[in-house]
Amino acid sequence: MPFVILVAWRYLTSNLGQTLLLVLGVALSVVIFVFMTALIAGLATYLTAETTSRIAHVEIEAPNTIARVLQPDDRFAAQPVSTVKRKQIRNWQQVVDLASTLDGVVSISPAVDGNGFLVRGEAVEPVALRGLEVDAIDAVAPISANTIEGTADLSAGGLVIGADLAESLSLHAGMPVLLRSDRGRERLIPITGIFRIGLSSLDERVAFLSISAARPLFDLPEGVTSIAIRLTDPASAPQAARILRNATDLKVTPWQERNRSLETALESQGRTGTIIQAFAMIAIVISIASTLLLSTYRRRSEIGIMRAAGIGRGFVATVFVLQGVMIGLAASLIGAALGYRLAMLLGSIQRSDGRVLLPIEPAQGGYVLVITLTVAAAALAAILPARAASRVDPVETIQQ
Amino acid sequence: MSPGDDPRLVTARGIVKTFRSGDEETEVLKALDLEIPRGRMIALLGPSGSGKSTLLNILGLLMRPTAGDLVFLGERMGELSDDRLAQFRNRHLGFVFQYHHLLPDFTATENVAFPAAAPAGRLTADIRARAHLLLDRVGLTPRRDFRATQLSGGQKQRVAIARALINLPDLVLADEPTGNLDRESSRQVMALLRDINRRDGATFLISTHDDEIAAFCDQRVHIVDGKIVPSD
C-alpha cells in the first residue's frame, strides 16, 4: 500500500467514532440527494405518463389555409365571398398509410371533430363531438375500461358521453338526447354509454360517436378533421411529428407542444431539485472541511515532525486530500445504498385507493452522479485543510 | 577536494538571526562562526536564551538565517529553495528533540521508517529491515510492533533516535534529547548516542545545559549571548 494512503487511513481510523459520525453526516446528505433525484424522476415519469395516457401523442390537422383574395383585374373576379376554407384532411387515407410506416405507432385514429350542443328539455350543454371509427374509441383514451354505464360501442349509432356531462343533463344510457351541431344540423340520438376517466376535459365536455354518424352533422362527406396517433414511446412524438410534417403540408403537433405547462412544471421541479442537491453538496463540503481543519490543528506537532524530517508539503497535503476522498467514497456508497433502500420503501407504500403514495423511481437516484460529485466535493473540501497542513511551520510546532 | 573528502561537514560564517516582534527587533545570533567536523560528537552548551535552539534550527535547515553563510557538504544552503532544503534535510540530517514527537497512531517500526518510506512512496521490505535493525540497536526489538502510545517515555525517545538515523544522516542534531527523561534513562540514551557515533561514524551536535550529558561528548562548544565563545 502506498505510504501516503497508509498515513491517511491511520489518521481516519485513529478516531473511529468521529470519522463514523462524519461519514454518517455526509451519507445523510447523499441520501437526500438520491431521494430527491429519484422523486423528481419519478414525478416526471408519473406526470408525463398520466398526461400521455389519455391524449394523442401526435395530432394531425388541416392547416389554416387562407383563400387567395382575388385581385380586381382577375378575369372572373366579382367579390371575395369567403376568405377561410373549411378545415379538413381530404387525403386522410394516404396520411394514415404514411403514419402506419413510422416506428412505434400503436394506433392511428382519424376523426371528424366539431362542436355542438346537447339539448334536453330546456337544458343545453356545449359538447365537443368526436366522430371516430367504430373500433377506435380506445385509440386515444381508455374509454371502454372506464365506462360506468351502458357500453362504449359506437357501432350502435349512439353517443358515448362523459359522466359529468351526463349528470348535468340527468342522462342515462338508453335515453335519447337532441344533438345540435355547430353547422345547424340536429338529430335525436340515444346515449349508448357513459364513462368516467378522471380527466375533467373529457368527463365534462366530450361525446363520442361513430364517424359515419358525425359526417352528416358536420357536412363532411369525405374528409376528416384530424388524425390522432399514439406511440409506444411518447418521448419520440416530436421526431414522428417532424417526419410527418416534412412529408405532408398538414399541421402536425406533438403532444409536448400542446402541454407546455407540463414541460414548464417539470423544468421548475427539476430546478428545485437541483437547488436541493446543491445545498446537499454544500453541506458535505462544510462538514468535511471543518472536521479535517480540526484534525489539522490537532495534528500540528505530528505534521511539524514530518516537515522537520524533510517530508515534502505535497505528501502532507495528499494525506489530507486522501482523507477527504476516503470519507467521500465511503459516505457516498453508504448514502447511495441507504437512499436506494429509502426510495424503495417509500415507493412501495400505497394509498387506500391502491395508488402509490410517492411516485419514486429508485433506479433513477443518480447514483453514479452522486458518488462522483460527493467524492469530488470531499476532495475539494479537503483542499483547505490540506493547504493549512502543508504550511505548518515545523519550528513553531516542535517548540510548543 | 570533493565534499566527501572535506573534513568539515558544516561551515557557518557570520550567522545572524534577528527576530522581530512589532517594532522591536531581537538579535539572537550575532555573527556566529562554527565548523562541525565529520564524525565528532559535539556538545553545544549554553544557558537558556543563549541561542542554542535557534542555532540548531538554522543548522537543521528549519530556519533561514537573517545573514551569513551556511555551507553543508560543500553546498551553500542559502541558495536552495524550501523544497530543496526539505529534500536536503531528509537525506543528510536527523533530529532528536526534547519531546519525542512520535506519531501516536503508528507502530515503533512505522515511526522509525516514515522519513524513508514517505519519500520512497512505500514502506518497502528494505526500509522495514533497516528500521528493525535500528530498533534492535536501541534495544526495542520486542516492542517494534507496539504503537507509540504503548511505549514508556524512555522507549519513545529511543524510537525517536532510531527515526533520526533511518536515512543514515551525515549530521544528527539533538536539542536537549534527555530533557524529559529521568537520570537513568538520560544516561542510557546518551550512551546509545555515543555508541552510534563510535560505531557508525555519525556526527552529533547535542544541545544541552547539563555537564553530565556533555561529558558523553568528545568536544564542547559554548554559546553565550548569540556567539560561540572559546572553551576553558
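The values are calculated or read from the model by the stated rules, or taken from the named source; none is laboratory data. None of these values were measured; they are calculated from a predicted model. Backbone-built Cβ (ideal geometry, glycine too); neighbour counts: all protein chains shown. Accessible surface areas use protein heavy atoms only, side chains included; no ligands, DNA or RNA. Shrake-Rupley method; radii C 1.70, N 1.55, O 1.52, S 1.80 Å.
Using the Cα centre as the reference, give the magnitude of the dipole from point charges on the C-beta atoms of the stretch B:16-127 (Lys, Arg: +1; Asp, Glu: -1; all else neutral), rounded to the nearest 20 debye. If you can, show how the numbers build up before the last one.
Details: 12 positive and 14 negative charges, 62 e Å.
Roughly 300 debye for the stretch B:16-127.
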- Ellipticity estimate at 222 nm from DSSP helix runs (n ≥ 4, -39,500 (n - 2.57)) divided over chain B, nearest 500: -10500 deg cm²/dmol
- Item | Hz values of 3J(HN,Hα) by residue in the stretch B:12-18 - Karplus curve (6.51, -1.76, 1.60), Gly and Pro given as x | 10, 10, x, 6, 10, 9, 10
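Give me the 1.4 Å probe accessible area per residue for the stretch B:14-103, excluding ligands and nucleic acids, in Å².
Working: 3940 Å² over 90 residues.
For the stretch B:14-103, the solvent-accessible area averages 44 Å² per residue.
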- Query: With θ set to phi - 60° and the Karplus curve 6.51 cos²θ - 1.76 cosθ + 1.60, what are the ³J(HN,Hα) couplings of the stretch A:127-144 in order, to the nearest whole Hz, using x for Gly and Pro?
  - Reply: 8, 9, 9, 10, x, 10, 5, 4, 9, 10, 5, 9, 5, 10, 10, x, 6, 4
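What accessible area, summed over both chains, is buried at the A-B interface (1.4 Å probe, Å², nearest 100)?
Details: alone 20670 and 11380 Å², together 29830 Å².
The A and B chains share an interface burying roughly 2200 Å².
Where Lys and Arg each count +1 and Asp and Glu each count -1, what net charge lies around residue B:168 among other residues with Cβ under 11 Å from its Cβ? Intermediate values should be presented prior to the final figure.
Numbers: positive: B:91, B:130; negative: B:170, B:200.
It works out to a net charge of 0.
Quick check: net charge around residue A:291, other residues with Cβ under 13 Å of its Cβ, Lys/Arg +1 and Asp/Glu -1? Could you put the intermediate results ahead of the total?
Working: positive: A:298, A:299; negative: none.
With Lys, Arg at +1 and Asp, Glu at -1, the net is +2.
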- Partner shielding of B:118-125, as the mean number of partner chain Cβ atoms within 10 Å, equals 4
- Helix B:183-200 versus the longest principal axis of chain B: what is the Cα-based angle in degrees, 0 to 90, to the nearest 10? 90
- Rounded to a whole number, what % of the accessible area of chain A do carbon and sulfur atoms account for, probe 1.4 Å? 59
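What does the convex hull of the Cα atoms of the stretch A:310-400 come to per residue, in Å³, rounded to a whole number?
Values: hull volume 9.3 nm³, N = 91.
With only Cα atoms used, the stretch A:310-400 gives 103 Å³ per residue.
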- Message: Taking loop as defined by DSSP and a crowding limit of 14 other beta carbons within 10 Å, which GluC sites (Glu not before Pro) in the stretch A:97-151 fit?
- Response: A:122
- Item | DSSP-defined antiparallel bridges as percent of all bridges, the protein assembly as shown, nearest 5 | 70
- Message: From the alpha carbon gyration tensor of the stretch A:172-269, can you work out the equivalent ellipsoid semi-axes (sqrt of 5 times each eigenvalue) and give them in Å, largest to smallest?
- Response: 32, 21, 12
- Taking a ≥ b ≥ c as the square roots of the eigenvalues of the Cα gyration tensor of chain A, is the shape rounded (a/c under 1.5), prolate (a/b larger than b/c) or oblate? prolate
- Query: So, with +1 on the Cβ of K and R and -1 on the Cβ of D and E, and no other charges, what is the size of the charge dipole of chain A about its Cα centre, to the nearest 20 debye?
  - Reply: 1580
- Task: Give the long-range amide H neighbours of residue B:41: residues separated by 5 or more places, or on another chain, with amide H under 5 Å away, using H modelled in the peptide plane at 1.01 Å from N.
- Result: B:204, B:218, B:219
- Task: Quick one: angle between helix A:313-348 and the longest Cα principal axis of chain A, in degrees between 0 and 90, rounded to 10, please.
- Result: 40
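What does the structure give for B:105-111 when I average, per residue, the other chain Cβ atoms found within 10 Å of the residue Cβ? Intermediate results must be reported in sequence, preceding the final value.
Working: counts 10, 5, 1, 0, 0, 4, 1.
Rounded to a whole number, the mean comes out at 3.
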- Task: Would you mind checking which residues have amide H under 5 Å from residue B:32's amide H? H placed 1.01 Å from N; only 5 or more apart, or other chain.
- Result: B:14, B:15, B:16
- Message: Check which residues have an amide H placed less than 5 Å from residue A:162's amide H, if you skip close sequence neighbours.
- Response: A:195, A:206
- Item | Loop GluC sites (Glu not before Pro), the stretch A:161-239, which have at most 11 other Cβ atoms in a 10 Å radius of their Cβ (DSSP) | A:222
- Options B:165, B:127, B:42, ranked by Cα towards positive dipole end of chain B, top entry (Cβ charges): B:127
- Based on the mean of other beta carbon atoms within 10 Å per residue, what is the order of A:373-381, A:351-359, A:174-182, most packed first? A:373-381, A:174-182, A:351-359
- With runs of 4+ DSSP H residues as the only contributors, calculate the mean residue ellipticity of chain A at 222 nm using -39,500 (n - 2.57) per run, divided by the residue total and rounded to the nearest 500. -16500 deg cm²/dmol
- Classify the stretch B:76-232 as rounded, prolate or oblate from the Cα gyration tensor: take a ≥ b ≥ c as the square roots of its eigenvalues, call it rounded if a/c is under 1.5, otherwise prolate when a/b beats b/c and oblate if not. oblate
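What accessible area per residue, rounded to a whole number of Å², is obtained for chain A using a probe radius of 1.4 Å?
Details: 19540 Å² over 400 residues.
I get 49 Å² per residue for this part.
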- Task: Would you tell me the mean number of C-beta atoms belonging to other protein chains that fall within 10 Å of each C-beta in A:307-319, as a whole number?
- Result: 6
- Note on the structure: Relative to chain B, whose Cα atoms define the longest principal axis, helix B:153-165 and its Cα axis are tilted in degrees, nearest 10, by 70
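Under 15 Å from the Cβ of residue B:143, count the other residues' Cβ atoms, weight Lys and Arg +1, Asp and Glu -1, and hand me the total.
Numbers: positive: B:137, B:144, B:147, B:156, B:158, B:163; negative: B:110, B:136, B:145.
Local net charge: +3.
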- Query: Is the shape of the stretch A:89-225 best called rounded, prolate or oblate, per the rule: a/c under 1.5 gives rounded, else a/b larger than b/c gives prolate, else oblate, with a ≥ b ≥ c the square roots of the Cα gyration tensor eigenvalues?
  - Reply: oblate
